[in-house]
Amino acid sequence: MIQEIKEHILNVEKAAISTAEDAEQLRIKYLGKKGILPQLFKSFKSVPVEEKKSFGQALNELKQMVESKTIKNKAVKGTNSAQEQLDLTRPGVTNNSGNIHPLSSVKEEIVDIFKRIGFSVSEGPELEDDWHNFSALNFPEEHPARDMQDTFFVEKDPDWALRTHTSSVQVRVMENEKPPIRTISPGRVFRNEAISARAHCIFHQIEGLYIDEGVSFADMKQTILYFAQEFFGKDAKIRLRPSYFPFTEPSAEVDVYWGLENEVDYRITKGTGWLEIMGCGMVDPEVLRSSNIDPEKYSGFAFGMGIERIAMNRYQIPDLRYFFENDIRFLRQFA
Ligand code: PHE
């Protein structure tokens, strides 16, 4: 019997296998239900005790031989020749890796610039009550200033709305912390506006707040100039135009000088060379009082900018809607 097994081993070793089909044939012949190996295993019972050990070893050797011959050829299933097996010099399959969304990277860059001069980052809820989004910011009830920001109301009485700006977060900071306060609040905001290339009902802001003793308009101007030069380049120039916000007095709109060299510059700056980047102003004493901060002792400034606006200018993106469509062809350009 053992002699018989040894012959099988030799045969299997010599068997020429060049296709998956050959391998399958060999497998069926030896390992199939009615194959040679199951038959041999059956006869194991009748082998004399003193031969059982060497018989068993020989059987296992045969089994492994068949397995290694056939398994090796599984890898070439579907191909026809042994030469086509594995080409180890082929480049591997690479993993697809994602990239950071342009809005996130612009946000991070702005946050970084303010962190370097001691601003902390604060966040708050997107669903806000009337107090934090409006009343505490000196928007009197029924005052037309509320129409400046078309609001998505979620519930009336008590009033819940999607925040229209992240100034609401700053109210929360003023309520919970004592001056000096130096914080920026990045976040998503919502306004009930028709969607177009230049406006969306969802966008992102970064608002800043600085409150301490003796904070002046000059401090604000210098802080914004520092930001503009860090973000737009060392030679950036800014100008302030008078404006109105209920929560700041005086208020201003900040423009950065963009230049007027080509057609794109004309379009982006509407022919003026200046690009509007944010609103700002000295925090209205009424707002400080609402949050129990003594306006006789403290003063402060606030500013707020839209991240989409700034990202559009930086990357020359003509349509704001691209940011929200998650079209991979658009996003890949920022890898
Ligand atoms: N909260 C204002 C807006 O969303 C921006 C702003 C912030 C203006 C702070 C002045 C001061 O339009």
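The values are calculated or read from the model by the stated rules, or taken from the named source; none is laboratory data. Quick caveat, the model's predicted, so the values are computed rather than measured. Here the Cβ positions follow ideal geometry from the backbone for every residue, glycine too, while neighbour counts run over all protein chains shown. What goes into the accessible areas is simple: the full protein's heavy atoms, side chains included, and nothing from ligands, DNA or RNA. Shrake-Rupley method; radii C 1.70, N 1.55, O 1.52, S 1.80 Å.
Of all residues in segment 147-181, those satisfying the criterion of being closer than 14 Å to Ile293 by Cβ and either surrounded by fewer than 14 Cβ atoms within 10 Å (Cβ to Cβ) or not β-branched (Val, Ile, Thr) (or both) are Gln170, Arg172, Met174, Glu175, Asn176, Glu177, Lys178, Pro179, Pro180. Selection of segment 301-325 for residues being modelled with pLDDT under 90, in contact with a helix residue (DSSP H, G or I) (Cβ under 8 Å, 6 or more places away or on another chain), open to solvent by less than 20 Å² (accessible area, probe 1.4 Å) and not in a loop (DSSP other than H, G, I, E, B) yields only Asn313.
Among the residues of segment 21-39, those identified as surrounded by 15 or more Cβ atoms within 10 Å (Cβ to Cβ) and aliphatic (A, V, I, L, M) are Ala23, Leu26, Leu31, Ile36, Leu37.
Among residues that are hydrophobic (A, V, I, L, M, F, W, C), farther than 23 Å from Glu249 by Cβ and either part of a loop (DSSP other than H, G, I, E, B) or within 12 Å of the ligand (Cβ to nearest atom) (or both), Ile113 is not included.
Looking only at segment 140-183, which residues are in a loop (DSSP other than H, G, I, E, B), at pLDDT 90 or above and within 18 Å of Gly279 (Cα to Cα)? Walk me through how you get there before you give the answer.
We begin by selecting, within segment 140-183, every residue in a loop (DSSP other than H, G, I, E, B); these are 140-143, 149-152, 156-159, 163-166, 177-180.
Subsequent filtering for residues that are at pLDDT 90 or above retains 163-166, 177-180.
Within segment 140-183, Arg163, Thr164, His165, Thr166 meet the criteria.
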